[in-house]
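Throughout, read-outs are computed from the coordinates displayed, never taken from laboratory work. Please read all numbers here as calculations on a predicted model, not as lab measurements. Cβ atoms come from the backbone with ideal geometry, glycine included; neighbour counts cover every protein chain shown.
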Amino acid sequence: MAAVLLLSLVAVLSCALDGAILARAAVVDPNIKVFNVLTFGAKPDGKKESTMAFMKAWNAACHYPGKARMVIPYGTFLVGQVIFQGPCAGPPPMVVQFQGTVKAVTDIDAYPSPEWFMFDTINGLLLTGGGTLDGQGGDDWKYNDCSQNNDCQLMPANVKFNGIQNGQIRRINSVNSKAFHFQINKCQNFGVRRLNVSAPETSPNTDGIHISESNSVRISNTVIGTGDDCISVGQGSTNITISRVRCGPGHGISIGSLGKYPDEKDVTGVIVRNCTLTNTDNGVRIKTWPGSPPSLAKGFLFEDIIMENVRNPIIINQQYCASSSCSTKEVTDVHFRDIRGTSASKVAVNIACSSALPCQNIELFNINLQSTTPNLLFQPSTCSNVKLGFSGIQIPPPCVVSKS
């Protein structure tokens, strides 16, 4: 628990530093050169494609040796795939100010790789402005057959951040992504604040925010309603803090799935605190597949979380695969504390671990989950192959640990 408390202190100090940086970036600086996409030929009518104008504006801003700001003004822009490639020549942060609405081209063949916008290899990035990214996924979700086809074409994420150091995204709206809304990959010291993310409950693979191979990522004051995980934390992620997030509809806040592919990196130090989940399929969840060689999922704190009509509020599932031999992903040091609200399923707490590699040091403290259905037979917690500790309030009643 000491390690988790240390992570909390680091997150607070990092957020304070980020706030100071953002405050300085927000001040009107006469030395900042503005690169407006209209100057490079973008059309704000939502009909004529403006892809090349966006690319030209970025290249000019990124190669400018002084302070630079790229501006997407009010209006509606139709844009295909754009790679915002770094490193940039000027001093950080590189500022991208989204004010208008940008709509994605619906032709899937226009995306050689699975992202619409990608910010790549940049030290110091601020993406802000209150604008909207519309992936127009409703025209393309019908082509998503990945649940049945292993060789499926991956749909593009609205925005992928790849190899970003010292990045910030705030006050951005993302709607109807073709796949993930935001993907954070191989980033270091990355802050996310005040996003609004929305897609229908039936939309496939539209995770709100997916994190992988990243360190020191902070997500706060964000609203996510989508067709998949509101937030998912993948392999190689460390020191992740998620706070004041409202999730629903969706599949909840998930660690994983982990261990699906060989040689996955460990996931350590994830804090989820002061969040509310409403009408979601799951609440807070850890899900693992077999992996080779074994890897570690360690040091998770889920604290002060409200569940409102959530079907599966607390889950650890080391059996997240078709094989009976799951799992080689070791899950240890997980704390569920002060979780309250209502469950729409008979089993509100389900901890199903592997007989080959049981879960270690799992804590349930002050769990108060009532049934939303008066006549529903509410069952005790279900647990298997786990070293588990209970204290404080336990509603539903604590389980008797069994072996599978």
Cβ crowding within 10 Å averaged over residues, with 210-216, 62-68 ranked highest first
210-216, 62-68
What length, rounded to one decimal in nm, is gained on full extension from residue 107 through to residue 296, with 0.36 nm per residue of separation minus their alpha-carbon distance?
64.0 nm
Placing each pseudo-label 7 Å from Cα in the direction of the beta carbon, residue 265 and residue 83 end up separated by a distance in nanometres of 2.1
Inter-probe distance in nm under a simple model that places probes 7 Å from Cα toward Cβ, at residue 391 and residue 196
4.2
Linear extension gain, residue 360 paired with residue 346, 0.36 nm per residue minus alpha-carbon span:
2.5 nm
Principal-axis tilt of helix 2-26 within the chain, Cα atoms, nearest 10 degrees:
20
For the residue 74, residue 304 Cβ pair and Förster radius 30 Å, calculated FRET efficiency rounded to 0.05 is 0.20
Find which of 331, 278, 44 sits farthest along the positive direction of the dipole of the chain, computed with +1 on the beta-carbon of Lys and Arg, -1 on that of Asp and Glu, about the Cα centre.
44
For the cross-link pairs 56/103; 178/298; 287/346; 142/287; 48/178, which exceed 25 Å when the distance is taken from alpha carbon to alpha carbon?
178/298; 142/287
The size of the Cβ-based charge dipole (Lys, Arg +1; Asp, Glu -1) of the chain about the Cα centre, to the nearest 20 debye, is 800
Helix axis angle, 51-63 relative to the chain longest principal axis, alpha carbon, degrees
90
What helix-only [θ] at 222 nm does the chain give? Using -39500 (n - 2.57) per DSSP H run of at least 4, over all residues, to the nearest 500, the answer is -3000 deg cm²/dmol
Residues 43, 48 arranged by fewest to most Cβ contacts within 10 Å
48, 43
